[in-house]
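The values are calculated or read from the model by the stated rules, or taken from the named source; none is laboratory data. Since we're looking at a predicted model, the values are computed, not measured. Here the Cβ positions follow ideal geometry from the backbone for every residue, glycine too, while neighbour counts run over all protein chains shown. Accessible surface areas use protein heavy atoms only, side chains included; no ligands, DNA or RNA. Shrake-Rupley method; radii C 1.70, N 1.55, O 1.52, S 1.80 Å.
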Amino acid sequence: QVQVVESGGGLVQPGGTLKLACAGSGIMFSIYTLDWYRQAPGKHRELVATLTASGMTTYGDFVKGRFTISRDNAKNTLYLQMHNLQPSDTATYYCNVRRQGVDYWGQGTQVTVSS
C-alpha cells in the first residue's frame, strides 16, 4: 500500500524559515517525479516546485529563489526548504508523487506565516 505523508508545517513569522518533509512508503521516490503544491483558502492549487527522477528542478515564479526542493533517496523523503516566508505563502502544502499517469497525494501540511 502506497502512503505519502507530509510534515513540518506550522506557524512562522514573516521572514522566517520552515522545512517541509514528505515521506513515502510502498513507493520508491527515486524513480518518480516529485512535486510540492500549495493551496490557500479560496484559491486554486498551485505548483510550488518539481524534482524529476533525473534531478532536474523547477520552481513557480513566486518562489524567487526562496525555496529549495530536494530528495533523500535513502530515507525515501522529499523536502522543501523555505526561507524568507511571507504571509502570501500561507497555504496547505501538498506532496505529489507521479509517474506514467499514476500519482499519489499526501494529506497536506499547513503553513501559516503571520506576525
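In this structure, is THR77 open to solvent by less than 50 Å² (accessible area, probe 1.4 Å), among the hydroxyl-bearing types (Ser, Thr, Tyr) and without any contact (Cβ under 8 Å) to a residue 60 or more places away in the chain? Yes: the conditions hold for THR77. Scanning segment 10-34 for residues that are assigned to a strand (DSSP E or B) and closer than 13 Å to SER70 by Cβ returns LYS19, LEU20, ALA21, CYS22, LEU34. As a summary of the residue check, GLY65 satisfies the conditions (1) loosely packed, with under 14 Cβ neighbours inside 10 Å; (2) closer than 22 Å to VAL2 by Cα; (3) of a type in the set (Gly, Ala, Ser) except for the one numbered (2). Per this entry, SER88 is counted among residues that are in a helix (DSSP H, G or I), among the small types (Gly, Ala, Ser) and free of Cβ contacts under 8 Å to residues at least 60 places away in the same chain.
Here's the yes/no breakdown for (1) more than 19 Å from GLY15 (Cα to Cα); (2) open to solvent by less than 30 Å² (accessible area, probe 1.4 Å); (3) assigned to a loop (DSSP other than H, G, I, E, B); (4) modelled with pLDDT under 95:
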| residue | (1), (2), (3), (4) |
| --- | --- |
| LYS43 | yes, no, yes, no |
| THR50 | yes, yes, no, no |
| GLN81 | no, no, no, no |
| ASN96 | yes, yes, no, no |
| GLN107 | yes, no, yes, no |
